[in-house]
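Novice: The structure's right below; bear with me while I get my questions together.
The values are calculated or read from the model by the stated rules, or taken from the named source; none is laboratory data. Just so it is clear, the model here is predicted, and its values are computed rather than measured. Glycine also receives a Cβ, built like all others from the backbone with ideal geometry; neighbour counts cover every protein chain displayed.
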Amino acid sequence: MEDDYDVYATLKILIIGESGVGKSSFLMRFAENKFHPDQSATIGIDFKIKCIRVEGEKIKLSIWDTAGQERFRTLTPSFYRNGQGCILVYDVTKYTTFAKLDEWLNELDSHSTKKDIVKLLVGNKIDKEPREVTEEDGLRFASKHNMMFTEASAKTMEGVQLAFEELVVRILQTPGLWEPNEKGGIQIHRKSHSSEENSCAC
Ligand SMILES: Nc1nc2c(ncn2[C@@H]2O[C@H](COP(=O)(O)OP(=O)(O)OP(=O)(O)O)[C@@H](O)[C@H]2O)c(=O)[nH]1
């Protein structure tokens, strides 16, 4: 089993949003650098572990992905419990997914156990045409709700890695939201980091 001695912090990240917006694809691209054009709908909850280096520190992420389709959704309280970051995804080519964001935020607010949970809004599928949601629409919604914002494509990879990195940086900057791992906090060695060093086997 992989030793966690040099893991500085372990964080729980949630991915939510309407069915078909690309939540599982976004996670698959980040965790395994793969994309499936025929990605099947999530049933229940899926989760993946991935380590990244942020500012020289090894951060272990457990990333939880839930079904957008209500009939496939289960165990909602445990999905949200102790989440420190949340990625709320919509599809820039489908306005209906953007129009549902308020409902997803309400769901997050009612189940979240950490009041300072960091929220990132992601407009996915920017590789696809025609667009129904502009970048300004996304930006406006994000600033109104005090969220971070980016656009991305799970298909082309654009914006995916950076989205996770920036979310993690913001979580680490939020006092009281996380604690250093006991051993990792002591044994951490600072390293310079290039883009290849930003992910590591975990
Ligand atoms: N063109 C394009 N297609 C994408 C992108 N991301 C996901 N898709 C496709 O969109 C479809 C739905 O993707 P999923 O990742 O299953 O969506 P989801 O949000 O996890 O859906 P649920 O599991 O039902 O909640 C799949 O056919 C994906 O291949 C993207 O960035 N660009």
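Novice: Test of understanding: among Ser199, Ser153, which residue is among the hydroxyl-bearing types (Ser, Thr, Tyr), surrounded by 15 or more Cβ atoms within 10 Å (Cβ to Cβ) and at pLDDT 95 or above?
Specialist: The conditions single out Ser153.
Novice: May I ask you to verify whether Thr76 is surrounded by fewer than 21 Cβ atoms within 10 Å (Cβ to Cβ), within 18 Å of the chain's Cα centre (by Cα) and among the hydroxyl-bearing types (Ser, Thr, Tyr)?
Specialist: yes
Novice: Residue check, Leu162 against (1) surrounded by fewer than 16 Cβ atoms within 10 Å (Cβ to Cβ); (2) in a loop (DSSP other than H, G, I, E, B); (3) touching a Ser or Thr at 6+ places or on another chain (Cβ under 8 Å), all met but one. Which one?
Specialist: Failing condition for Leu162: (2).
Novice: Moving on. With respect to Val21, determine if the residue is in contact with a Gly (Cβ under 6 Å, 6 or more places away or on another chain) and either in contact (Cβ under 8 Å) with a residue 40 or more places away in the chain or within 16 Å of the ligand (Cβ to nearest atom) (or both).
Specialist: Criteria not met by Val21.
Novice: Asp38 passes all but one of (1) modelled with pLDDT of 95 or more; (2) more than 20 Å from Gly83 (Cβ to Cβ); which number fails?
Specialist: Condition not satisfied by Asp38: (1).
Novice: Within region 39-59, work out how many residues are within 16 Å of the ligand (Cβ to nearest atom) and either more than 11 Å from Ser24 (Cβ to Cβ) or not acidic (Asp, Glu) (or both).
Specialist: Number satisfying all stated conditions: 9.
Novice: Here is a list: Asp127, Asp46. Which entry is in contact with a helix residue (DSSP H, G or I) (Cβ under 9 Å, 6 or more places away or on another chain), among the charged types (D, E, K, R) and within 20 Å of Ala163 (Cα to Cα)?
Specialist: Asp46
Novice: Here is a list of conditions, (1) within 10 Å of the ligand (Cβ to nearest atom); (2) in contact with an Asp or Glu (Cβ under 8 Å, 6 or more places away or on another chain), and Phe35 meets all of them except one; can you say which number that is?
Specialist: The single condition Phe35 does not satisfy is (2).
Novice: If I ask for residues that are more than 18 Å from the chain's Cα centre (by Cα) and surrounded by 14 or more Cβ atoms within 10 Å (Cβ to Cβ), which ones from region 121-131 would you list?
Specialist: Once the filter is applied, which keeps residues that are more than 18 Å from the chain's Cα centre (by Cα) and surrounded by 14 or more Cβ atoms within 10 Å (Cβ to Cβ), region 121-131 yields Asp127, Lys128, Arg131.
Novice: If you don't mind, another one. Regarding Thr134, is this residue more than 16 Å from the ligand (Cβ to nearest atom), among the β-branched types (Val, Ile, Thr) and surrounded by fewer than 18 Cβ atoms within 10 Å (Cβ to Cβ)?
Specialist: Yes: the conditions hold for Thr134.
Novice: I would also like to ask the following. I'm checking my understanding of the structure. Among residues of region 79-120 that are away from the ligand (no atom under 15 Å from the Cβ) and of a type in the set (Ser, Thr, Tyr), which one is surrounded by the most Cβ atoms within 10 Å (Cβ to Cβ)?
Specialist: Tyr80
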